[in-house]
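The values are calculated or read from the model by the stated rules, or taken from the named source; none is laboratory data. What you see is a predicted model; the values in this text were computed from it and never measured. All Cβ positions, glycine included, derive from the backbone under ideal geometry; neighbour counts span all protein chains shown. Each accessible area value is taken on the protein alone, full model and side chains, heavy atoms only, with ligands, DNA and RNA left out. Shrake-Rupley method; radii C 1.70, N 1.55, O 1.52, S 1.80 Å.
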Amino acid sequence: MSAEEKFDAIIIGAGPAGAACAYVLAKAGKSVVLVERGASAGNKNVTGGRLYTYALELVEPGLYQEAPLERKVVREQIMMLGQNGAVTVDYADYGFGEEIPQSYSVLRAPFDEWFAARAEAQGAMMVPGILVEELIEADGKIVGIKAGDDEIYATVVIAADGVNSFIAQKAGLRGDITAHTVGVGAKEVIELPEQVIEDRFNLQGGEGAARVLIGCSDGVLGGGFLYTNKKSISLGVVLNPEDLAGQGKKIHDILQNLKMHPAVYPLIKDGMTIEYGAHLVPEVGYQAMPKKLYRDGLVLVGDAAGMVVNSGTILRGIDLAIVSGVAAARAVLKNDGESNIGPAYVAELENLALIPTMKLYANFHELLSNRRMMSVYPNMANDMMKTLFTVDGKLPERMDKAMLKVLKKHVTFGQLIADGWRGVKAI
Amino acid sequence: MTIKKLSPEELLGLNKFAVDEEEPHIVLDKTICAQCKEKPCLVVCPAVLYTLKDGEMNFDYAGCLECGACRVVCKNKGIVKWTYPRGTFGVAFRCG
């Protein structure tokens, strides 16, 4: 193909960021190529995970109703695991399921395949099974891509190629990712009958639960997650790879031990694991995002741009990916000149509250890197509950003294004040 | 049909792979690995594809989940090549 026959946009990666971008551009009549290395979209993607529905509404109102989503989340749960038990905070809000539901659990293979097909239906050209190897540069601008012997040219290339973004590196927008900026995630998808899932998690038809697990990582920085899907449960851990290495603990063992934990096992028993997935997660948030999200002829979206928010209770990635894809598409639609697309993209990210949101949570990573959050506090919470609920016929201790004793067993007052202060500062 | 601890082999056996027999997407220089004291790849790889066999680094790219964890922790750059498999090859998640 010659440079004259160029497309309006080439999108590398048919994940949520790429598909959202392709959808909006194609719908507006732009010529779009969506290149995907998997045999079909979603083949290479793994999530915890859930999708916050507002993001799909940005692409097209009502689109979520057609999407292959799993369960609408109405129960938000935080589980702090101790040695033999767990303290679980269970917040049910049935309003989360009304009108436009707040979020759904999701499995990425069916979801991404559907989303890319929807973009295709709008007129985007989907090209699966192609690994993009190089960018084509001319006069300091990115003008196309190279895959094998094929060259494709476009006004703009959108790098939606995920956390390992080699494209962003090749474009010089970021260096090689380093171990402290990512978490390594491992997940099992465990099949169970719908009714069993609903009974175990106190759900009614179509409703779902999302659970953050703390204290399940054998002291390694990180945590776990559990999402109810229609006919399966996604159970996994996301751990700091440097800390795993430093402590010499295998991520595989930590996940296998978590399955057998007495407070987790009853939730998944009699289930059957049907898939084992792994993926890196951009963990640091705003501070680890590339300083510049574009150059002439190229913009970065989704995980490639490090767009993940982890507040400890809320984990957001897919929605931010979709928002950034929409922002990139809008920037392309607004501007004719290649040089204007990048700044317009950043302006859209501001308008759509993505960058302000990332900034708001910018200091949470430091808070969540506190080792005591991983083991000391979950154990302390369990010990306190044990003190509250143990009856053995002996004269109980005065409650205030007993609680103080538990506290002192786990932390010093200095640590408690320091952690509290850090927490307040981060918020 | 019950829940138990599964070995890496059992877990990988559940997945669908199209192994690219002609072109490995990850290549090690085992002489560098031999000098590496920490060997973080042994613990961070979710598929446990890095193992020690008679003290020597043993690795097979066939069950790779393509996460990139080994690449980011490899300090001494014993991993001399890390790319994604060629198009359509490698793992194909059905759930994801």
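Distance from the C-alpha centroid of the range B:40-96 to that of the range A:211-240: 22 Å, rounded to the whole angstrom.
Relative to the longest principal axis of the Cα atoms of chain A, the long axis of helix A:16-27 lies at roughly 40 degrees. Per-residue surface analysis assigns A:His365 an accessible area of about 50 Å², computed on protein heavy atoms at 1.4 Å probe radius. With an a/c value of 1.5 or above and a/b not larger than b/c for the gyration tensor axes a ≥ b ≥ c computed over the alpha-carbon atoms, the range A:179-327 is described as oblate. Among the GluC sites (Glu not before Pro) within the range B:1-61, those in coil by DSSP and having at most 15 neighbouring Cβ atoms inside 10 Å are B:Glu21, B:Glu22, B:Glu38. Per-residue SASA remark: A:Trp114, around 40 Å² accessible (1.4 Å probe; ligands, DNA and RNA not included). I want to verify the translational diffusion coefficient of chain B in µm²/s; compute it with Stokes-Einstein, Rh as the Kirkwood radius over Cα pairs, at 37 °C and 0.692 mPa s. Approximately 230 µm²/s, per Stokes-Einstein. Computed from Cα positions, the angle between helix A:399-410 and the longest principal axis of chain A comes to roughly 50 degrees.
Solvent-free Debye calculation, one equal scatterer per alpha-carbon of the range A:86-146: log10 I(q)/I(0) at 0.13, 0.17, 0.18, 0.22 Å⁻¹ equals -0.70, -0.86, -0.90, -1.05. To the nearest ten degrees, helix A:318-334 and the longest principal axis of the Cα atoms of chain A are 20 degrees apart.
Loop sites here are trypsin sites (Lys or Arg not before Pro) outside DSSP states H, G, I, E and B with no more than 11 other Cβ atoms within 10 Å. The longest part of chain A free of them is A:1-290. Rounded to the nearest 20, the size of the Cβ-charge dipole of the protein assembly as shown about its Cα centre is 2040 debye, with Lys and Arg at +1 and Asp and Glu at -1. In the range A:168-210, the ratio of gyration radius to Kirkwood radius, Rg to Rh, stands at 1.36 when only Cα atoms are counted.
At most 13 other Cβ atoms within 10 Å and a DSSP loop assignment: could you name the GluC sites (Glu not before Pro) in the range A:319-409 that fit?
Details: sites: A:Glu338, A:Glu348, A:Glu350, A:Glu366, A:Glu397; in loops: A:Glu397.
Counting only loop positions with at most 13 other Cβ atoms within 10 Å, the GluC sites (Glu not before Pro) in the range A:319-409 are A:Glu397.
Only lysines eight or more places from A:Lys30 in sequence, or on another chain, were considered; those with a Cα closer than 27 Å are A:Lys6, A:Lys44, A:Lys141, A:Lys146, A:Lys170, A:Lys292, A:Lys334. Between A:Ser339 and A:Asn351, the contour length at 0.36 nm per residue exceeds the Cα-Cα span by 2.4 nm. Rounded to whole Å, the principal axis extents of the Cα atoms in chain A read 88, 46, 38, largest first. Which one, A:Gly97, A:Ala17, A:Val35, is farthest towards the positive end of the dipole of the protein assembly as shown when Lys and Arg carry +1 and Asp and Glu -1 on their Cβ? Of the listed residues, the answer is A:Gly97. Check cross-link reach from A:Lys386 to the lysines: straight Cα distance under 22 Å, and skip same-chain residues fewer than eight apart. Counting by Cα, and skipping residues close in sequence, A:Lys386 has these lysines nearby: A:Lys394, A:Lys401, A:Lys405, A:Lys408, A:Lys409. Applying D = kT/(6 pi eta Rh) to the range A:1-145, where Rh is the Kirkwood radius over alpha-carbon pairs, T corresponds to 37 °C and eta to 0.692 mPa s, the Stokes-Einstein value obtained is 190 µm²/s.
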